[in-house]
1. Assigned to a loop (DSSP other than H, G, I, E, B) and β-branched (Val, Ile, Thr): does that describe ILE27?
2. Here is a check on your reading of the model: is LEU90 surrounded by 14 or more Cβ atoms within 10 Å (Cβ to Cβ) and modelled with pLDDT of 90 or more?
3. Any idea how many residues of the range 51-88 are within 23 Å of GLY39 (Cβ to Cβ), of a type in the set (A, V, I, L, M, F, W, C) and in contact with a His (Cβ under 7 Å, 6 or more places away or on another chain)?
Amino acid sequence: MPIIISSFFIISCANDFYQVPVSQGNIISLDMISKLETGLTKAQVQYIMGTPSIKDPFNSSRWDYVGFEIIGDEVFREVHHSLYFEKNKLVEWNKEVDTEANDNVLEESKKLSKEIPE
């Protein structure tokens, strides 16, 4: 009996067990990015993207959304988007983190924005 129990525990501790995805910070989807357009107010941007990770009290014209997703020991996706405002209107946004996991984020979001019915 102890051999059966021991073998069960050894098999259950193998390397192929399920690894839980862990998300921290702002998780920005392609759908969110595709809805951004110049001229949106800060309230509209916050409705689409959520509350920014960094809202600098000394520079209210820039919002930063920072986050990452980890599965096991591997970073699945890193997010760092900076949004710039002038006179309470969105004028520009860009991706700050260039990693292999984020390569096609901007291209895919542009495709999605073209698919959204107006």
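1. Working: assigned to a loop (DSSP other than H, G, I, E, B): yes; β-branched (Val, Ile, Thr): yes.
Criteria met by ILE27.
2. Details: surrounded by 14 or more Cβ atoms within 10 Å (Cβ to Cβ): yes; modelled with pLDDT of 90 or more: yes.
Yes, satisfied.
3. Final tally of qualifying residues: 0.
The values are calculated or read from the model by the stated rules, or taken from the named source; none is laboratory data. It should be emphasised that the depicted structure is a prediction, and the values quoted were computed from it without experimental measurement. Every residue, glycine as well, gets a Cβ built from its backbone with ideal geometry; the counts of neighbours run over all protein chains shown.
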